[in-house]
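The next block holds one structure in the form of structure tokens; read it before the comments.
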Amino acid sequence: MPLSNPSTGSTPAADGTVPQHWASYSAAEHAVWQTLFQRQMQLLPGLACDAFVQGMRRLPLQAERIPDFEQLSQVLQQETGWRVVAVPGLVSDEVFFEHLAHRRFPAGRFIRSASELDYLQEPDIFHDVFGHVPMLMNPVMADFMALYGQAGLRAQRLGKLKELARVYWYTVEFGLVRQGGDVRLYGAGIASSSSESSFAVHSDSPNRIGFDLERVMRTNYRIDNFQESYFVLEQLEDLLALANIDFAPYYARLDQGPSYQPGDCLPDDRLIQRGTGSYHADRR
Ligand code: HBI
Ligand code: FE
């Protein structure tokens with residue numbers, strides 16, 4: 001049974017979406033957006049890759065108000081064919097992939113509360129719009145995400161979702177990319193986090209490892225804290241090759257061989273930085 005959304009009273013449609021009801025956001029909700037938006041815009045220069053910054057600049061996003069999905073979608077659709085649709089929170093994998101495959105990005109309509117600015121149980125509008133939508137202005141990411149939706153539907157039928165979800169996690173959510181002599185972020189989970197954005201790019205603690213598909217598909221990830229390892233693309237364009245790969249032979253290979261823990265470094269890794277591990281060691 002679809003649950004009714006307490007913030008709007010709307011019952012989700014069959015595709016899991018709800019109306020955004022932009023006019024019903026309260027002043028307090030707009031104020032939370034403003035706090036998060038200003039804090040993150042201060043941090044991101046020098047941390048986010050150029051594609052992220054450019055996508056952000058060209059979107060109708062403002063500090064003062066929660067964005068209207070219809071306005072975002074008009075710009076986005078012109079650029080890469082994507083739209084943003086509202087969902088009450090997490091949707092099933094099936095529904096999620098179905099939307100992505102059709103170039104619709106399901107974004108939480110709610111915003112976290114002012115008393116829990118850094119705590120997120122489910123992706124909210126700040127994570128989903130600020131974190132994800134700028135990169136959807138980029139043609140490479142736009143194609144990658146749509147192909148990921150199709151691959152997700154197939155992976156689900158094959159029982160290989162866990163392996164495929166690791167690709168999403170270490171790219172779309174927590175990906176880093178080389179830019180000139182630096183490493184920059186493009187992943188939405190980092191871009192939307194005030195503490196993890198500088199940790200991911202600058203801290204001595206995590207490993208930064210050159211991206212390798214099979215390696216990533218064998219690697220567990222943390223959902224409870226900063227990542228212990230980040231995987232670094234040479235360039236964003238590498239996502240396109242990744243999206244056009246037939247995953248079936250990978251899935252077959254993954255049935256054998258090891259899986260890795262989040263902090264592991266392997267002899268074959270292309271290490272950009274071997275992390276000290278100090279951050280997670282102090283917390284254990
Ligand atoms: N639902 N709203 C929402 N946002 C997500 O990022 C999301 C989801 N449902 C499933 C899901 N992600 C993941 O389990 C897949 O990427 C594997
Ligand atoms: Fe996300």
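The values are calculated or read from the model by the stated rules, or taken from the named source; none is laboratory data. A quick note: this is a predicted structure, and the numbers were derived from the prediction, not measured. Because the Cβ atoms are built from the backbone with ideal geometry, glycine has one as well, and the counts that use them run over all protein chains shown. Only protein heavy atoms, including side chains, enter the accessible area calculation; ligands, DNA and RNA are left aside. Shrake-Rupley method; radii C 1.70, N 1.55, O 1.52, S 1.80 Å.
Can you tell me the FRET efficiency between His30 and Phe199 if r is taken as the Cβ-Cβ distance and R0 is 30 Å, rounded to the nearest 0.05?
0.60
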Fill in: Relative contact order of the stretch 95-228, pairs being alpha-carbon contacts under 8 Å that are 6 or more residues apart, as %
23 percent
Worksheet, complete the sentence: Ignoring ligands and nucleic acids, Glu234 exposes an accessible area, probe 1.4 Å, in Å² to the nearest 10, of 80 Å²
Fill in: Heavy-atom accessible surface of the stretch 1-112: percent carbon and sulfur, 1.4 Å
53 percent
Response to the item:
Any residue on another chain or 5+ positions along whose placed amide H is under 5 Å from the amide H of Arg104 is listed here as Arg83
Fill in: Segment Asn225-Met41, extension gain: residue separation times 0.36 nm, minus the distance between their alpha carbons
64.0 nm
Response to the item:
Measure of exposure for Glu122: accessible area at 1.4 Å probe, Å² rounded to 10, is 70 Å²
Response to the item:
Sorted by accessible surface (1.4 Å probe, heavy atoms of the protein chains only), largest first, Ile223, Ile209 come out as Ile223, Ile209
Discussion item. Please report the accessible area of Asp143 (heavy atoms, 1.4 Å probe, ligands and nucleic acids excluded) in Å², nearest 10.
Written reply: 60 Å²
Discussion item. Please list, short to long, the whole-number percent of alpha-carbon pairs of the stretch 193-284 in consecutive 10 angstrom bins beginning at zero.
Written reply: 15, 44, 33, 9, 0
Response to the item:
Length gained if Tyr279 through Leu120 is fully extended, taking 0.36 nm per residue and subtracting the Cα-Cα distance, is 55.2 nm
Item to complete: For the stretch 22-282, calculate the relative contact order in percent as a whole number, restricting contacts to Cα pairs under 8 Å that are 6 or more residues apart.
Response: 19 percent
Practice prompt. At q = 0.07 Å⁻¹, work out log10 I(q)/I(0) for the chain with the Debye formula, treating every Cα as an identical point scatterer and leaving solvent out; two decimals please.
Written response: -0.25
Item to complete: Quick one: check the C-alpha center-to-center distance for the stretch 73-148 versus the stretch 204-276, whole angstrom.
Response: 23 Å
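So what is the accessible area of the chain per residue, in Å², with the probe set to 1.4 Å?
Value for the chain: 46 Å² per residue.
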Fill in: Candidate residues Trp82, Trp22: accessible-area rank, largest first, probe 1.4 Å
Trp22, Trp82
Practice prompt. Once you have the Cα-Cα distance between Trp22 and Ser92, take 0.36 nm times their residue separation minus that, and quote the gain in nm to one decimal.
Written response: 22.8 nm
Discussion item. Using a 1.4 Å probe on the protein heavy atoms, what percent of the accessible area of the stretch 233-284 belongs to carbon and sulfur?
Written reply: 47 percent
